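S.K.: Please read through the structure below; I'll follow up with questions.
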Amino acid sequence: MAAVRTRSEVALNRVAIAAVLIVTIIFLAPIYWITATAFKPRHLATTVPPTVMFEPEISPFVKLFLRRSQLREQPTPEEYAAAPWWERLVFDGGEKVVRDGRGNAQLSGYPSRFANSLIVAVVSTVMAVGMGTLTAYGFSRFKVAGEQDWLFFILSTRMLPPVVVAIPMFLMYRWFGLNDTHVGLIILYTAFNLSFSVWLMKGFIDEIPREYEEAALVDGYTRMEAFFKIVLPEAATGIAATAVFCFIIAWNEYAFALIMTRRTAQTAPPFIPSQVGSGLPDWTVIAAGTFLFLLPVAIFTFLLRNHLLRGMSFGAIRK
Amino acid sequence: MAHIELRNISKSFGSKPALRGLDLEIEDGQFFVLLGETGAGKTTTLRIVAGLEKPTEGDVLIDGENVNEWGAAERDVALVLQQYSLYPRYTVRENLEFPLKSKIRRVDAADIEERVNRVAKTLQISHLLDRKTDRLSGGEMQRVSIGRAIVRQPRVFLMDEPLSALDAKLREALRTELKNLQMNLGATFLFVTHDQVEAMSMGDKIGVLDKGKLVQVGTPSEIYANPCNTFVARSVGSPPMNLLNGSVSKGNAVADAGFALPFAGKASDGQPVTFGIRPEDMFLDPGAPAEGAVHDIENHGVAKIVTLRAGDAVIRLTTSARDKLAIDETVRFSWNPEKVVLFDKSSGLSLRHGP
Ligand SMILES: Nc1ncnc2c1ncn2[C@@H]1O[C@H](COP(=O)(O)OP(=O)(O)OP(=O)(O)O)[C@@H](O)[C@H]1O
Ligand SMILES: [Mg+2]
């Protein structure tokens, strides 16, 4: 539509753009802060007023990944010269890298926590979306006795706040030996996301005309083949949107992870704040950890953005 | 190709009956049209034949074999719908190939290619083969759907109002094309429509469906000349048959609207009946026994359709386009008494069809 704009409309448009800019800046400020702090030298991290111009450093990330301890005595110049670049960065911060019996540098707790987060979030998302899609298809296409009651029941599992079920869950998990295991957390998140996934996917699948599958059935395909060849590609947008939601929820989950995990299966959300507690915190390292934690969701969402725009509007925008 | 038989088919959705005791036979190579108003149960019948819906009662036989327990894939039927009939995201070629790539058919690649190309040529869609289906016009889409049906050489073609979403001109062109195609293939067609023109012009046989009941089956001319009840009389023909309430008295047909016309049939005097007469079996004549006023004139080029008012009856008849008539002019009219169809007034059933 080639709109002819009056002068007042142009002015209004400018005001609107300015307002959007301001809101965007307000929302992006904390992200900028975290990102900037993650690249700052330690002594600039907590200055008042905040330092805006600085030479970015990679040392917070190096420190994030390595197990360190306080230096009792300065390294000799020979030691310093013989050390690899990353160890020198640690020396510069007044710390040393902790090495095991064979002299290999030890990793900090962060990488394994990050890996745990990835494993748990990815696996539980795949399971919740997979099972949710199949369940939703069943509800959408077949006559299910008591369909409305079932759907309400499925949704009702999300109505209890996590804190209410956390303690009983903890006790049950202890009984089954699932505390602090990946499997335990994956089951929990899958169950948690499943109701959501069923509801979202049912909405999306209801939108797909059943004529498509029926044509495939008549054309000589089984119901399964019709589902995979016809329904699934049509539901891709919905699946992407549901997956992003489930992934974000699993990735950010804090309460259960705090209670159910300790070490082996601990995810990043309970781990990051636990760093703050010990001694004088190095904010640059914490910021680096937080910054990395932001990335997967950002990347995942960015990759699926085309699907999301349609998916998140729940079919309101078509094509 | 195949012979289809439906025996005493009933179908209810919940407590709501959609089909009631349907008996139907479609012969090998026949173009059978199922005609009915919206909600009559046309689509339901088609879906039962296709195996997409199970009848609540009754049997479906294909080539004499009871296929009640067969799935849609095994029945080897092809389905063309009014809309949503093509797979989105696929190109035209992929759509045409799709049925041939099914595991139960095992057609080899060279054969698939050959058949797709041949069908595309027949339907003049060769230039569209690599196009995505959402870039097609409505007419092109329906051609492709028809193509997807014929590429398989199924036992029977089931078509659910495949032309009704198209504009008039295209509909007419495709109608002829489809009929020719059917004759060339010698295929068995079950074609569903609510358009009586489509039914009359395409069908070898027509079945008229009314509220889930098959009320009459016959050739187009049988149904046209001899409707078995007033419902069929009203649904076939354009303009439809005139239906006038009245009774027979002393060899004359006396209409309740206050005029009498000659009568040739057999009916007991005084019995309340409905006289049915096709517009082309009525005529204007200065010496005719009944009088009416011209209410409306539609000029169709070859003929005029004149609407008359006689008492409180509305009568339509055709007359030569050369006849000069004016609105509100008083004219005299009559009918060909041989062509009058007599219906029982209360039941609407034709008295000619016997009890
Ligand atoms: N899945 C269903 N659930 C409940 N009722 C249905 C279902 N399918 C059809 N019906 C009902 O059965 C009756 C027949 O429907 P059907 O679709 O066969 O009609 P139709 O003759 O094809 O009509 P149209 O010309 O509008 O397509 C209708 O009253 C309809 O509401
Ligand atoms: Mg229908």
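The values are calculated or read from the model by the stated rules, or taken from the named source; none is laboratory data. None of these values were measured; they are calculated from a predicted model. Neighbour counts run over all protein chains shown; Cβ positions are idealised from the backbone, glycine included. With ligands, DNA and RNA removed, areas are computed over all heavy atoms of the protein, side chains included. Shrake-Rupley method; radii C 1.70, N 1.55, O 1.52, S 1.80 Å.
S.K.: Quick check on this structure: which one of B:Leu100, B:Leu61, B:Leu52, B:Leu96 is of a type in the set (A, V, I, L, M, F, W, C) and touching a strand residue (DSSP E or B) at 6+ places or on another chain (Cβ under 6 Å)? Walk me through how you get there before you give the answer.
M.R.: Details: B:Leu100 fails: touching a strand residue (DSSP E or B) at 6+ places or on another chain (Cβ under 6 Å); B:Leu52 fails: touching a strand residue (DSSP E or B) at 6+ places or on another chain (Cβ under 6 Å); B:Leu96 fails: touching a strand residue (DSSP E or B) at 6+ places or on another chain (Cβ under 6 Å).
Selected residue: B:Leu61, the only one of B:Leu100, B:Leu61, B:Leu52, B:Leu96 that is of a type in the set (A, V, I, L, M, F, W, C) and touching a strand residue (DSSP E or B) at 6+ places or on another chain (Cβ under 6 Å).
Listed here are the residues, each with its yes/no results for (1) surrounded by fewer than 15 Cβ atoms within 10 Å (Cβ to Cβ); (2) closer than 25 Å to A:Val231 by Cα.
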| position | (1), (2) |
| --- | --- |
| A:Thr135 | no, yes |
| A:Ser140 | no, yes |
| A:Gly146 | yes, yes |
| A:Met159 | yes, no |
| A:Val165 | no, no |
| A:Pro168 | yes, no |
| A:Leu171 | yes, no |
| A:Trp175 | yes, no |
| A:Leu178 | no, no |
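S.K.: Further question: Could you count how many residues in region B:19-39 are near ligand 1 (Cβ under 6 Å from one of its atoms) and surrounded by fewer than 24 Cβ atoms within 10 Å (Cβ to Cβ)? So that I can check it myself, show each step before the final result.
M.R.: First, the residues of region B:19-39 that are near ligand 1 (Cβ under 6 Å from one of its atoms): B:36, B:38-39.
Keeping just the survivors that are surrounded by fewer than 24 Cβ atoms within 10 Å (Cβ to Cβ) gives B:38-39.
The number of residues fulfilling the criteria is 2.
S.K.: Here is a follow-up. Does any residue in region B:34-47 that is of a type outside the set (A, V, I, L, M) come within less than 7 Å, Cβ to Cβ, of a residue that is more than 6 Å from ligand 1 (Cβ to nearest atom) and open to solvent by 10 Å² or more (accessible area, probe 1.4 Å) six or more places away or on a different chain, and which pairs are these?
M.R.: B:Gly36/B:Asp210; B:Thr43/B:Asp160; B:Thr44/B:Lys11; B:Thr44/B:Glu53; B:Arg47/B:Glu53
S.K.: Find the strands (runs of 3 or more DSSP E) located wholly in region B:262-355 whose residues include 3 or more that are over 16 Å from B:Pro227 (Cα atoms), open to solvent by 10 Å² or more (accessible area, probe 1.4 Å) and not aromatic (Phe, Trp, Tyr), and list them. Write out each step before concluding.
M.R.: Details: elements: B:273-277, B:282-284, B:290-299, B:303-310, B:313-320, B:330-335, B:341-344.
Answer list for region B:262-355: B:290-299, B:303-310, B:313-320, B:330-335.
S.K.: A follow-up question, please. Go through region A:226-242 residue by residue and tally those that are more than 9 Å from chain B (Cβ to nearest Cβ) and among the acidic types (Asp, Glu).
M.R.: Matching residues across region A:226-242 total 0.
S.K.: Looking at (1) within 14 Å of chain A (Cβ to nearest Cβ); (2) in contact with a strand residue (DSSP E or B) (Cβ under 7 Å, 6 or more places away or on another chain); (3) within 16 Å of ligand 2 (Cβ to nearest atom); (4) open to solvent by 10 Å² or more (accessible area, probe 1.4 Å), can you tell me which one B:Ala165 breaks?
M.R.: Of everything listed in (1) within 14 Å of chain A (Cβ to nearest Cβ); (2) in contact with a strand residue (DSSP E or B) (Cβ under 7 Å, 6 or more places away or on another chain); (3) within 16 Å of ligand 2 (Cβ to nearest atom); (4) open to solvent by 10 Å² or more (accessible area, probe 1.4 Å), B:Ala165 misses just condition (2).
S.K.: Being out of contact with any His (no Cβ under 7 Å at 6 or more places or on another chain) and open to solvent by 10 Å² or more (accessible area, probe 1.4 Å) is true for just one of B:Leu46, B:Leu61. Which residue is that? Walk me through how you get there before you give the answer.
M.R.: Numbers: B:Leu46 fails: open to solvent by 10 Å² or more (accessible area, probe 1.4 Å).
It is B:Leu61.
S.K.: Anything in region A:233-265 that is touching a Ser or Thr at 6+ places or on another chain (Cβ under 8 Å) and either without any contact (Cβ under 8 Å) to a residue 40 or more places away in the chain or of a type outside the set (A, V, I, L, M, F, W, C) (or both)? List them, or say none.
M.R.: Residues satisfying the conditions are A:Thr242, A:Glu253, A:Thr261, A:Thr264.
S.K.: Within region B:141-153, is there a residue that is closer than 16 Å to B:Gln30 by Cα, assigned to a helix (DSSP H, G or I) and of a type in the set (Ser, Thr, Tyr)? Please lay out each step first, then the result.
M.R.: As a first pass, look at region B:141-153 and keep what is closer than 16 Å to B:Gln30 by Cα: B:150, B:153.
After this cut, where a residue has to be assigned to a helix (DSSP H, G or I) as well, the list is B:150.
Now narrow it down to the ones that are of a type in the set (Ser, Thr, Tyr): none.
No, region B:141-153 contains no residue that is closer than 16 Å to B:Gln30 by Cα, assigned to a helix (DSSP H, G or I) and of a type in the set (Ser, Thr, Tyr).
S.K.: Which ranges mark the helices (runs of 4 or more DSSP H) fully within region A:231-319 that have 2 or more residues being at pLDDT 90 or above? Working first, answer last.
M.R.: Working: elements: A:236-252, A:255-260, A:268-276, A:283-303, A:305-312.
Hits in region A:231-319: A:236-252, A:255-260, A:268-276, A:283-303.
S.K.: Looking at (1) open to solvent by 10 Å² or more (accessible area, probe 1.4 Å); (2) more than 16 Å from ligand 1 (Cβ to nearest atom); (3) in contact (Cβ under 8 Å) with a residue 24 or more places away in the chain, can you tell me which one B:Glu94 breaks?
M.R.: Going through the list (1) open to solvent by 10 Å² or more (accessible area, probe 1.4 Å); (2) more than 16 Å from ligand 1 (Cβ to nearest atom); (3) in contact (Cβ under 8 Å) with a residue 24 or more places away in the chain, B:Glu94 breaks only (3).
S.K.: Please go through region B:62-82 and give me each residue that is within 16 Å of ligand 1 (Cβ to nearest atom), of a type in the set (A, V, I, L, M, F, W, C) and part of a loop (DSSP other than H, G, I, E, B), ordered by number.
M.R.: B:Leu81
S.K.: Of the residues that sit in region B:69-116 and are within 16 Å of ligand 2 (Cβ to nearest atom) and more than 7 Å from chain A (Cβ to nearest Cβ), which one is nearest to B:Asp134 (Cα to Cα)? Reasoning before the result, please.
M.R.: Of all residues in region B:69-116, those within 16 Å of ligand 2 (Cβ to nearest atom) come to B:79-85.
After this cut, where a residue has to be more than 7 Å from chain A (Cβ to nearest Cβ) as well, the list is B:80, B:82-83.
Values: B:Val80: 17, B:Gln82: 15, B:Gln83: 12 Å.
Looking at the filtered set, the residue picked out is B:Gln83.
S.K.: A follow-up question, please. When residues of region B:211-260 are filtered for being in a strand (DSSP E or B) and touching a residue at least 24 places away in the same chain (Cβ under 8 Å), how many remain? Don't jump to the end; show me each part of the working.
M.R.: So in region B:211-260, the residues in a strand (DSSP E or B) come out as B:213-218, B:229, B:242-249, B:252-255, B:259-260.
With the extra rule that they be touching a residue at least 24 places away in the same chain (Cβ under 8 Å), the set shrinks to B:213-214, B:217, B:229, B:242-248, B:253, B:255, B:259-260.
Qualifying residue count for the region: 15.
S.K.: Report whether or not B:Lys211 is within 16 Å of ligand 1 (Cβ to nearest atom) and of a type in the set (Lys, Arg). Steps first, please.
M.R.: On the way: within 16 Å of ligand 1 (Cβ to nearest atom): yes; of a type in the set (Lys, Arg): yes.
Considered against the rule, which asks whether it is within 16 Å of ligand 1 (Cβ to nearest atom) and of a type in the set (Lys, Arg), B:Lys211 comes out as yes.
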